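Below is one structure, written out as structure tokens; the observations come after it.
The values are calculated or read from the model by the stated rules, or taken from the named source; none is laboratory data. This structure is a prediction, so every number in the text was calculated from the model and none was measured. In this analysis, Cβ positions are derived from the backbone assuming ideal geometry, glycine residues included, and neighbour counts consider all displayed protein chains.
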Amino acid sequence: MTRVHFIGIGGSGLSAIARLLKESGYEVTGSDQSLSSFAADLQSIGIQIYVGHHPRNISGAEMVIRSSAIKDDNPEVEAANRAGIPVYKRSDFLGRLMEDKIGIGIAGTHGKTTTTAMIAWMLFSLDRDPSFIVGGTLNNMQVNARAGKGDAFVIEADEYDRMFLGLKPQIEVVTNLEHDHPDCYPTFNDMYSAFETFVDLLPPDGTLITCAEDEGAVTLITHARRKGLNVVSYSIQGEMTINSPQWVQARTMHSNDKGGFDFSVMTNMGSMTNAFKVSLQVPGEHNVRNALAALCVAAVMGLPMQRAAEALSQFTGTGRRFEVRGETGGVLLVDDYAHHPTEIRATLAGARARYPSRRIWAVWQPHTYSRTQTLQYEFSRAFSDADEVLVTEIYASREAKQDFSSAEVVSAMPHSSARYSGSLADTKKYLLEHLRPNDVLLVLSAGDADQITADLLKELE
């Protein structure tokens, strides 16, 4: 039995691979600086987790996989190199997992976690028993990965550190394409070039699926068609791009009593001639587009579209994507992973549509100095659907502390009720003093600010 050791196993990306390998019969161990919820879940299925990094942790390993955040001078990396144990990044390893499978890679600046989860759940519901790796917990199944026995392998294709360029997809979804990760991609052109290379991974009979309403994604269509690839596009009641002869479209969209949208779907693919209905439980127009991307995958694979629509209507979301944590003291508490201006606008628009008569609080924890500075203007204009806005200190993540404060972003905001709230402790204190019954609190964070909702659940009682 092959033993694989993961360094940084507590993150969403590596924990998913670890789970899939464990279910595939590998012996798996891992280490991280703290025991995250993902790591605790792995412990519960028999994976040994070491808290802290030490050379002895790799004892007996035949290969080591490290997260992008793990540096070359990590003691476990150094020990593996001395022992001649191969050390891989995710991008070096994921392609081999997809061999001999129908690889379905979902990429994009926003929406890829939810879209990946939708496709995984849809295929599971249609008895295709897929393998999948998602960058968050799939609520319907309470896991972020699974080793299925079917022929499909669904994976969130993460552009950070160019991880997605190690994949072997037959079908690609690009939900949208905007500038992000300036620490990896200093300019939008750098990022666009990486996505073009991602499209180049498709075999001659591969398919690219893109959103016809997103300018960045649409520009990839010409590149794909020049290579002779099959192209499918999707949109909400919009003009389909003439470069995409195959399409899926949402029409007659309206909000429902489940908090999402009901809509009918038309497509010119396969034998479908009549509209079929979808009734989403997840909020926001952006999730209508995510569902359309999933339906495009179903159409390409020749699956029964009505059953696919029914599966998507049963989809309940992923962890930290508009995750309702509870309601206490009359205050509804929601966690969301939004950390880019477009994501924040979409999440708040979804909240406003779902709770039109309630006061909406947005607590934003900026993620990384490079992103906050590069997109400073866009962030300052992203909060118009919130009634109250609190901005915490920047979550540095992988970056060193810098002489820049998110208070500068707040000072540029045209919002009349935006304020810099400092530390998470100070932010929570302010909320305890000012929240009142019937308020909705959204914590927007890819860092550790979700602890605010966890604490408030207890303290507001």
Q: Take region 319-331 and flag every residue that is out of contact with any Leu (no Cβ under 6 Å at 6 or more places or on another chain) and assigned to a strand (DSSP E or B).
A: GLU323, VAL324, GLU327
Q. Here are some residues: LEU177, LEU165. Which one is crowded, with 24+ Cβ neighbours inside 10 Å and outside the structural domain of SER59 (by TED's automatic domain parsing)?
A. LEU177
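Yes or no, residue by residue, for (1) assigned to a helix (DSSP H, G or I); (2) not assigned by TED's automatic domain parsing to the domain that holds GLY216:
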residue	(1), (2)
GLY270	no, no
LYS277	no, no
VAL282	no, no
VAL288	yes, no
VAL297	yes, no
ARG307	yes, no
LEU333	no, yes
GLU343	yes, yes
LEU348	yes, yes
Q.
Can you find a residue that is surrounded by fewer than 21 Cβ atoms within 10 Å (Cβ to Cβ), closer than 14 Å to ALA117 by Cα and β-branched (Val, Ile, Thr) anywhere in region 290-312?
A. no
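Quick check on my filter: what residues within region 420-457 are of a type outside the set (S, T, N, Q) and over 28 Å from the mean Cα position of the chain (by Cα)? Explain how you work it out, then say what you get.
Start the filter on region 420-457 by keeping residues that are of a type outside the set (S, T, N, Q), which leaves 420, 422, 424-426, 428-437, 439-444, 446-450, 452, 454-457.
Passing the criteria: ASP426, LYS429, TYR430, LEU432, GLU433, HIS434, LEU435, ARG436, PRO437.
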Q) How about region 159-258: which strands (runs of 3 or more DSSP E) wholly inside it have at least 1 residues that are over 27 Å from TYR369 (Cβ atoms), touching a His at 6+ places or on another chain (Cβ under 7 Å) and among the acidic types (Asp, Glu)? A) none
Q.
For PHE379, only one of the following conditions fails: (1) modelled with pLDDT of 95 or more; (2) in contact with a helix residue (DSSP H, G or I) (Cβ under 6 Å, 6 or more places away or on another chain); (3) farther than 30 Å from LEU280 by Cα. What is its number?
A. (3)
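Table: residues versus (1) under 18 Å from the mean Cα position of the chain (by Cα); (2) within 15 Å of SER445 (Cα to Cα); (3) in contact (Cβ under 8 Å) with a residue 40 or more places away in the chain.
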| site | (1), (2), (3) |
| --- | --- |
| ARG321 | yes, yes, yes |
| LEU332 | no, no, yes |
| HIS340 | yes, yes, yes |
| GLU343 | yes, yes, yes |
| GLY350 | yes, no, yes |
(Q) Could you check region 115-151 and list, in sequence order, the residues that are in contact with a strand residue (DSSP E or B) (Cβ under 6 Å, 6 or more places away or on another chain), hydroxyl-bearing (Ser, Thr, Tyr) and under 17 Å from VAL297 (Cβ atoms)? (A) THR115, THR116, SER131
Q. For residues in region 153-162 being in contact with a strand residue (DSSP E or B) (Cβ under 9 Å, 6 or more places away or on another chain) and farther than 20 Å from THR137 by Cβ, which is surrounded by the most Cβ atoms within 10 Å (Cβ to Cβ)?
A. GLU159
Q) Does region 248-268 contain any residue that is under 17 Å from the mean Cα position of the chain (by Cα), crowded, with 19+ Cβ neighbours inside 10 Å and aromatic (Phe, Trp, Tyr)? A) no
Q | Any pair with Cβ under 6 angstrom, 6 or more apart, that starts in region 426-447 at a residue that is farther than 23 Å from THR342 by Cα and ends at one that is assigned to a loop (DSSP other than H, G, I, E, B) and of a type in the set (Gly, Ala, Ser) | A | PRO437/GLY330; ASN438/GLY330
